[in-house]
Amino acid sequence: MSKVSITAYKDRNGFAIKNLEGYTLSVGIGLHHYCENNRNESSPTPDDMETTTMEVAIMDSNGHFVCLPDDISGHVRVSKLDHLITAIKVHDWHQVCWLCDEDAIPHKFPQKAKKA
């Protein structure tokens, strides 16, 4: 079993939580992301870096977007992050969509591998 890890993006506009039972949660904040602190300022102040919403995406181990209807979901409340991580770990894709305020589209959900 792999340990869950977190990697900050070099541009300081988010992070990835990896090894969530085969999936990665990407969180984007700041410039060019669908969140409340996405102002186009060249040098943000510490207050500009704080946000209560985030942009999220979920990828499989091959880096393909899964679950969310439009690959990403914007303006997701940061307060839902812990529940989102849990839902991804247990592969509860309906719950992931609900937490992101997205319609569940089952054909976007990862398929379980069939036993031989």
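The values are calculated or read from the model by the stated rules, or taken from the named source; none is laboratory data. Just so you know, these numbers come straight off a predicted model, no measurement behind them. When we count neighbours, we look across all protein chains shown, and the Cβ atoms used for this are built from the backbone with ideal geometry, even at glycine. Side chains included, ligands, DNA and RNA excluded: accessible areas come from the protein's heavy atoms. Shrake-Rupley method; radii C 1.70, N 1.55, O 1.52, S 1.80 Å.
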Exercise. What number, in percent, do you get for the relative contact order of the chain if the mean sequence gap of Cα pairs under 8 Å and at least 6 apart is divided by its residue count?
Worked result: 19 percent
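Once you have the alpha carbon radius of gyration of the chain, what is it after dividing by 2.2 N^0.38 Å, with N set to its residue count? Don't skip to the answer; put the middle values down first.
Numbers: Rg = 14.7 Å, N = 116, 2.2 N^0.38 = 13.4 Å.
Compactness ratio reported: 1.10.
So which trypsin sites (Lys or Arg not before Pro) in the stretch 54-97 end up in coil per DSSP with only 16 or fewer other C-beta atoms within 10 Å?
On the way: sites: ARG77, LYS80, LYS89; in loops: none.
Answer by residue number: there is no such site.
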Problem set entry | Gaussian network model of the chain, Cα within-10 Å springs - most flexible of ASN62, ASN38, ASN19 | ASN62
Problem set entry | Rounded accessible area per residue of the chain, 1.4 Å, Å² | 66 Å²
Problem set entry | Label-to-label distance, nm, for residues given as ILE85 and PHE109 (7 Å Cα→Cβ offset) | 2.4 nm
Seminar exercise, completed: In whole Hz, the Karplus estimates of ³J(HN,Hα) for the stretch 100-109 (6.51, -1.76, 1.60; θ = phi - 60°; x where Gly or Pro) are 8, 6, 10, 6, 6, 10, x, 5, 8, 6
Seminar exercise, completed: In whole percent, the fraction of accessible protein surface over the chain that belongs to carbon or sulfur atoms, probe radius 1.4 Å, stands at 52 percent
